[in-house]
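Nothing in this text is a laboratory measurement; each read-out follows from the coordinates by a stated rule. Everything numeric in this text was worked out from a predicted model, so none of it was measured. Cβ placement follows ideal geometry from the backbone for every residue including glycine, while neighbour counts extend to all protein chains displayed.
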Amino acid sequence: MARTIIPFGPQHPVLPEPIHLDLAIEDEKVVDVLPSVGFIHRGLERLVERKDFQEFVYVAERICGICSFIHGQTYCQGIEELMQVEVPARAQYLRTIWGELSRLHSHLLWLGLLADSFGFESLFMHSWRVRERILDQIEATTGGRVIFGSCKIGGVRRDISPEALAVMRKELDVIERDMREIVDVFLGDSSVKRRLQGVGVLSRDDAYILGCVGPTARASGVAQDMRSLGYAAFRDIKVEPIVRTEGDSYARCVVRCAELFQSVDIIRQAIDRIPPGAIETKVTGFPDGEILVRTEQPRGEVAYYLRANGSRNLQRFRVRTPTFANLPALVRMLPGANLADVPVLVLTIDPCISCTER
Amino acid sequence: MSPDPGSFTAVETAALVAEVRLLRDAGWRLVQIGAAALPTAMEVIYSFDLGGKITNRRVSLPVEGPHRLPSITSVYAAAALYENELHDLFRIQVEGNILDFKGKFYRTTVPFPFASRPSAPALAAKAGTNP
């Protein structure tokens, strides 16, 4: 059988951002794949040498337009650790609420894109309709829909009033009901199952040794969720990783669907348990030392390395994004797949090239 | 504050692969590889996780070069992309990478953009502030 090389991306209908794959094809089967990124590398890490360490929160938030809040939060957590700053409990809960709202809208965005990739347009639109309700809650409590601008070193910039929290709690009931409707289709519809079940299987051993993170790892049986480390309000609100063992595209969908309801439950708990009090600790001085800090983004573990020397500028800021960690898994799961399944498989790791090209 | 600040341990370049193999055999997961161009050295940090614990290994290369490292892809295949990044952004030559993009992994307009650290006056001039 003759082997053909088919270029996939960097511009492709299924990809909102540029990634390129050289697909080696025999007949209709993928036999080998070579990924390529770096088309829009922005060099944001280097900006840390020119931006004041407090100002840099704004840059960290702009690494990604989907999980922007958690990027800012992770940076703040690292600096707070270096400077031994104790963040008020209320601020930790507020961070957790906004972080989980981010996870909800990210997963719903992904579900919509997945439906779009296999041609289920009405399901795509329903997913994004529900997502709008979450963005409305984010806008009502932060003033932003993409960049929240609410996290700062030492706490958060704005509070959520008890009335707004009550509205959010009520709205969560509607959001949960609407999510149930679309999740029933994703998990129960026979045409969806035919496109996802048994496609792109990644074994537990491969997922672990390839350094997979997030739903991609958990769908292959790796019980790994950085929220269980206990940062922010997760020291009070316990999170059990949602794990499947099938390792296929359907399992990755099941994990993200279950995490939608897990996030709703976390937000409800946070609203019920949020303590009164201050929302920030005043920070003085400059950071010194180095740290590797991790949080759980919607796509998985993000790792920040911060290196400071006691001045207003950090010496080094390095981000390892979840998508970067999941690229080797994509290379492993594509061989053996049909060419027609490639767009779906690429999406099942929920690639965020904006993060990867930080 | 973070419940898991992690630790950093220095490793000689020649002992890197053996050290990493020990970690792999003990079940540690590769979290990241990243470099830092500091005024005193080019540092490369290898981070590993086991059950939520983090540990880091630091290799220091002389600031004037040569910046050469052995590949750890024979131990962790997933290191291949990180090692290409080390080359394309920091000009670190990684020898033995099983998936070497030969400098084509990142398509930056400035070659090796993170390889050198600008002087303080240069940074201040760019930022429009006094050093």
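Tabulated data for the structure shown
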item: Sorted by Cβ density within 10 Å, fewest first, the residues A:218, A:268; result: A:268, A:218
item: 0 to 90° range, to nearest 10: angle between helix A:89-117 axis and chain A longest Cα axis; result: 20
item: Helix A:121-142 axis, angle to chain A major axis (alpha carbon atoms, nearest 10°); result: 10
item: Note, ³J(HN,Hα) from phi for region A:182-199, Karplus 6.51, -1.76, 1.60, rounded to Hz, x at Gly and Pro; result: 6, 5, 4, 6, 4, 8, x, 6, 5, 5, 5, 4, 5, 7, 10, 6, x, 9
item: Shielding by partners, peptide B:23-36 (average Cβ within 10 angstrom, other chains); result: 5
item: Shielding score for A:35-47, defined as the mean number of other chain Cβ atoms within 10 Å; result: 4
item: Inter-chain Cβ neighbour average for residues A:293-305, partner chain, 10 Å; result: 3
item: Loop sites in region B:20-83: GluC sites (Glu not before Pro), DSSP, at most 11 other Cβ within 10 Å; result: B:64
item: Among A:115, A:166, A:89, residue whose mean-square fluctuation peaks in a GNM of chain A (springs only between Cα atoms under 10 Å); result: A:166
item: For A:261, A:118, order by how many other beta-carbon atoms lie within 10 Å, fewest first; result: A:261, A:118
item: Residues with amide H under 5 Å from that of residue A:289, placed H, sequence gap 5 or more; result: A:308, A:309, A:310
item: Computed [θ] at 222 nm, helices only, for the protein assembly as shown once each DSSP H run of length n ≥ 4 contributes -39500 (n - 2.57); result: -12500 deg cm²/dmol
item: Residues whose placed amide H lies under 5 Å from that of residue B:61, excluding near-sequence neighbours; result: B:42, B:43, B:44
item: Residue order, fewest to most beta carbons within 10 Å, for A:20, B:67; result: A:20, B:67
item: Count of lysine pairs in chain A with Cα separation under 21 Å (8 or more residues apart, or interchain); result: 4
item: Percent RCO, i.e. relative contact order, over chain A, from Cα pairs under 8 Å lying at least 6 residues apart; result: 25
item: Phi to ³J(HN,Hα) by Karplus 6.51 cos²θ - 1.76 cosθ + 1.60 over region A:201-214, Hz, x for Gly, Pro; result: 6, 10, 6, 4, 4, 5, 4, 6, 6, 7, x, 4, 9, x
item: Helix A:249-273 axis, angle to chain A major axis (alpha carbon atoms, nearest 10°); result: 20
